[in-house]
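Only the coordinates and a few stated rules stand behind these numbers; no lab work does. These numbers were taken from a predicted model, which means no experiment stands behind them. We place every Cβ from the backbone using ideal geometry, glycine too, and count neighbours over all the protein chains shown.
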Amino acid sequence: MDALSGSHAYDELIKELGKRNKNEVTTMTEVLPQFIQVKVDRAKKETAEEVTKDHLINILKTTNLTPDGAMDLLGIPEADRAMYKDLLKKK
């Protein structure tokens, strides 16, 4: 499944399924919706990060704000700021 999807979402799902009771039966009809949801959630997160990065870049180009000031303006949580600073370095 990973090779077909081009990601490691299936591996992550298998790890989660491994935590289930070994006597519990698992079918593809149970697994596939979870697999798809993992992919959708990851795509939403990546899109949100890219949009926020674009907003940060635009704010920094059009104002005299520091990266932290721009992140304050956008309401980016402290926990996410290091990731966005790294993304800004790669622009």
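Compute, for the chain, the length of the dipole vector about the Cα centre, with Cβ point charges of +1 (Lys, Arg) and -1 (Asp, Glu) only. Units Debye, rounded to 20.
About 180 debye.
Sticking with the crude label model, points 7 Å out along Cα→Cβ, report the distance from Lys22 to Val51 in nm, one decimal please.
For Lys22 paired with Val51, the spin-label model returns 4.6 nm.
Between Glu12 and Leu74, 0.36 nm times their residue separation minus their Cα-Cα distance comes to what?
Between Glu12 and Leu74, full extension yields an extra 19.2 nm.
Along its three principal axes, how long is region 2-89 when you only count alpha carbons? Whole Å, largest extent first please.
The Cα atoms of region 2-89 stretch 60, 25, 18 Å along their principal axes.
Straight-line reach from Lys61: which aspartates and glutamates fall under 20 Å, measuring Cα to Cα and dropping same-chain residues less than 8 apart?
Glu49, Glu50, Asp72, Asp86
Applying the Karplus parametrisation 6.51 cos²θ - 1.76 cosθ + 1.60 with θ = phi - 60° to the phi angles of region 64-79, what ³J(HN,Hα) value in whole Hz is obtained for each residue in order, glycine and proline being reported as x?
9, 6, 7, x, 5, x, 5, 5, 4, 4, 7, x, 6, x, 4, 5
Among all the aspartates and glutamates, which ones have a C-alpha under 17 Å from Lys15's C-alpha, if same-chain residues fewer than 8 places away are not counted?
Asp2, Glu24, Glu30
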